[in-house]
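Below is one structure; the comments refer to it alone.
Nothing in this text is a laboratory measurement; each read-out follows from the coordinates by a stated rule. Computed from a predicted structure; not experimentally measured. Heads up, the Cβs are rebuilt from the backbone with ideal geometry, glycines too, and the neighbour counts pull from every protein chain shown.
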Amino acid sequence: MLLSKSQLRSEFLAKRFAIDVAQKRVWEQAICLQLKSFISDDAVVAGYFPMKGEVDITPLAQALPCVVEKNAPLVFRVWKIGDALQAGAHGSREPLAGAPVVIPDIVLVPLLAFDGALHRLGYGGGYYDRTLAALSSVQAIGIAFSCQQAQALPHEEFDRKLDAVVTEREILRL
């Protein structure tokens, strides 16, 4: 029997926080190298600013997500390393409100867990589910450490599968 989403969130958040800091940096570099080999040079890549032990992929991000309205899709604003950030919803950091809005080709999606069918488990706010539904042509790439892979995850009919998941070990695709 599958654990509840809440139980799974706690379990996989604990796994991520248990990763040794030095090991985490090595794995993050490996993930960024995997991504560079996978992403076209002309693609507009939306990333995220890491929180709660998420994989740091900021060197590859050209835009970051912003919550502009609760229960609405995310908006992506242009960003590069060194640009100012402001406090966002739920403890996130996001570009300043005046930064240009962009529609990405690829969205690098943070997650707590993923399974072999490329379902993802997020924090439960539904922001990425709504965003990926609104941007149906965008390529959604989950970013995770291999220890975040679950045997199977509960999912709803509105949950969009990821197009790929990149870990320090491999690129998983259906």
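Data for the structure
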| read-out | value |
| --- | --- |
| Strands (runs of 3 or more DSSP E) wholly inside the stretch 45-150 containing at least 3 residues that are in contact with a Phe, Trp or Tyr (Cβ under 9 Å, 6 or more places away or on another chain) | 63-66, 93-95, 106-110, 139-143 |
| When residues of the stretch 99-110 are limited to those that are without any contact (Cβ under 8 Å) to a residue 40 or more places away in the chain and of a type in the set (A, V, I, L, M, F, W, C), the one farthest from Asp83 (Cα to Cα) | Val101 |
| The stretch 91-113 - residue that is exposed (fewer than 12 other Cβ atoms within 10 Å of the Cβ) and of a type outside the set (A, V, I, L, M) and, of those, nearest to Ser40 (Cα to Cα) | Pro100 |
| Selected residue (criterion: surrounded by the fewest Cβ atoms within 10 Å (Cβ to Cβ)) from residues of the stretch 154-171 that are part of a loop (DSSP other than H, G, I, E, B) and touching a helix residue (DSSP H, G or I) at 6+ places or on another chain (Cβ under 7 Å) | Phe158 |
| Test: residue in the stretch 19-28 that is closer than 18 Å to Ile171 by Cα, of a type in the set (Asp, Glu) and assigned to a loop (DSSP other than H, G, I, E, B) | no |
| Boolean, Leu174 is surrounded by 14 or more Cβ atoms within 10 Å (Cβ to Cβ) and either of a type in the set (A, V, I, L, M, F, W, C) or in contact with a strand residue (DSSP E or B) (Cβ under 6 Å, 6 or more places away or on another chain) (or both) | no |
| Candidate set from the stretch 137-174 (those that are among the polar types (S, T, N, Q) and in contact with a Lys or Arg (Cβ under 8 Å, 6 or more places away or on another chain)); member that is farthest from Lys36 (Cα to Cα) | Gln148 |
| Residue list for the stretch 11-24, restricted to those being exposed (fewer than 13 other Cβ atoms within 10 Å of the Cβ) and over 17 Å from the mean Cα position of the chain (by Cα) | Ala14, Ala18, Asp20, Val21, Ala22, Gln23 |
| Residue pairs meeting the criteria (Cβ under 6 Å; at least 6 apart or on separate chains; first farther than 25 Å from Val21 by Cα, in the stretch 34-59; second crowded, with 17+ Cβ neighbours inside 10 Å and polar (S, T, N, Q)) | Val44/Gln62; Val45/Gln62 |
| Scan of the stretch 31-47 for residues that are among the aliphatic types (A, V, I, L, M) and surrounded by fewer than 17 Cβ atoms within 10 Å (Cβ to Cβ), ordered by number | Leu33, Ala43, Val44 |
